[in-house]
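See below for the structure under consideration.
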Amino acid sequence: MSDGARGAGPRAPAGALRHGPGRALIAVYALFALSATARSGVQLATRFDEAPVPYLLSAFAALMYALATVALARGSESSRVLATVICLVELLGVVVVGTISMLTPEAFPEATVWSGFGSGYGYVPLLLPVLGLVWLRMAGRGARGAAQDRRAR
Amino acid sequence: MPEYLPTVLVFAALIAAGWTLIGLLRDRGPDRILLGALALIEVGLLAQAVLGIAGLAGAEREVASVTFVGYLLGILLVLPIAAAWALAERSRWGNAVLLVGCLAIPVMIVRLQQVWDGQGV
């Protein structure tokens with residue numbers, strides 16, 4: 001087994017989410033948090049009146065990416081729950097906004113990060129919450145196994 | 001802003017991305033050659049920021065200056081943060097983190113060029 005798979009192994013410690021593949025996942029989340037926050041900051045500051053709903057949605061998405069980054073990097077029991085909820089919200093957001101933007105393009109004259117299922121961002125916004133949930137499940141299973149080990153001892 | 005510098009930086013970042021991918025597939029942590037190359041790219045990005053901001057002052061047309069400067073400065077954060085995050089774990093996944101950082105550079109430079117050319121904001 002490679003040393004990188006340590007985090008997802010059966011004896012993963014509480015901070016397991018930020019090791020192994022999770023480290024790369026958090027890097028992608030951090031990148032999206034940075035870019036989405038910067039982008040929506042500029043949009044809200046300079047052109048909020050033009051398209052308030054898409055711009056507020058962009059800001060909401062940015063907040064989700066930032067929270068997910070922190071929650072995954074912390075990796076405690078409670079932030080694990082928070083990260084799961086955020087990933088589900090993101091998935092719901094990208095599917096709902098993606099569908100609406102496909103059916104009624106005029107609803108989103110200005111593209112948001114979730115328009116067209118994240119097509120403007122290489123569909124990473126669609127992929128990210130799925131990978132997040134898969135990773136939370138894999139690493140979570142490892143952490144629960146470790147907790148049971150401790151109790152058994 | 002000189003035309004060649006962003007192009008050189010895009011190719012350098014893509015080559016570095018390929019290097020991290022090789023490390024990732026060979027199950028190695030980030031090596032010194034890569035870190036040296038990333039340091040050089042960072043110097044290039046710093047030069048791009050200086051030249052870009054100087055060029056903005058002399059621009060004859062309308063450029064979305066807040067966005068442009070935001071990209072010029074924001075791109076400087078990517079590699080140092082990625083390197084710090086990657087080196088805390090010297091496994092293949094350190095290379096995966098740097099791969100993410102290296103791929104972000106060309107994307108941001110392309111966006112930077114679009115903003116400079118007046119497309120989008």
Quick one: which residue in B:47, B:64 is more than 19 Å from residue B:34 (Cβ to Cβ), surrounded by fewer than 22 Cβ atoms within 10 Å (Cβ to Cβ) and modelled with pLDDT of 95 or more?
-> B:47
Scope the range B:95-108; condition modelled with pLDDT of 95 or more and either open to solvent by less than 60 Å² (accessible area, probe 1.4 Å) or touching a His at 6+ places or on another chain (Cβ under 7 Å) (or both); matching residues | B:95, B:96, B:97, B:98, B:99, B:100, B:101, B:102, B:104, B:105, B:106
How about the range A:97-122: which of its residues are assigned to a helix (DSSP H, G or I), closer than 16 Å to residue A:55 by Cα and not charged (D, E, K, R)?
-> A:97, A:98, A:100, A:101, A:105, A:107, A:115, A:116, A:118, A:120
Would you check which residues across the range A:128-141 are open to solvent by 60 Å² or more (accessible area, probe 1.4 Å) and either of a type in the set (Gly, Ala, Ser) or touching a helix residue (DSSP H, G or I) at 6+ places or on another chain (Cβ under 8 Å) (or both) and list them?
-> A:130, A:131, A:138
The residue that is farthest from the chain's Cα centre (by Cα), considering only those in the range A:52-82 that are surrounded by fewer than 18 Cβ atoms within 10 Å (Cβ to Cβ) and of a type in the set (Val, Ile, Thr), is A:53
Quick one: would you say residue A:2 is in contact with a Lys or Arg (Cβ under 7 Å, 6 or more places away or on another chain), modelled with pLDDT under 80 and either facing chain B (nearest Cβ under 10 Å) or closer than 18 Å to residue A:128 by Cβ (or both)?
-> yes
Test residue A:99 against the stated conditions and say whether it is modelled with pLDDT under 85 and β-branched (Val, Ile, Thr).
-> no
Per the filter on the range A:30-77, residues modelled with pLDDT of 85 or more and either of a type in the set (S, T, N, Q) or in a loop (DSSP other than H, G, I, E, B) (or both) are A:35, A:37, A:40, A:58, A:69, A:76
Of the conditions (1) free of Cβ contacts under 8 Å to residues at least 60 places away in the same chain; (2) touching a Lys or Arg at 6+ places or on another chain (Cβ under 9 Å), the single one that residue B:96 does not satisfy is (1)
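The values are calculated or read from the model by the stated rules, or taken from the named source; none is laboratory data. Please read these numbers as outputs of a predicted model, since none were measured by experiment. Glycine also receives a Cβ, built like all others from the backbone with ideal geometry; neighbour counts cover every protein chain displayed. These accessible areas exclude ligands, DNA and RNA; they are computed on the full protein's heavy atoms, side chains included. Shrake-Rupley method; radii C 1.70, N 1.55, O 1.52, S 1.80 Å.
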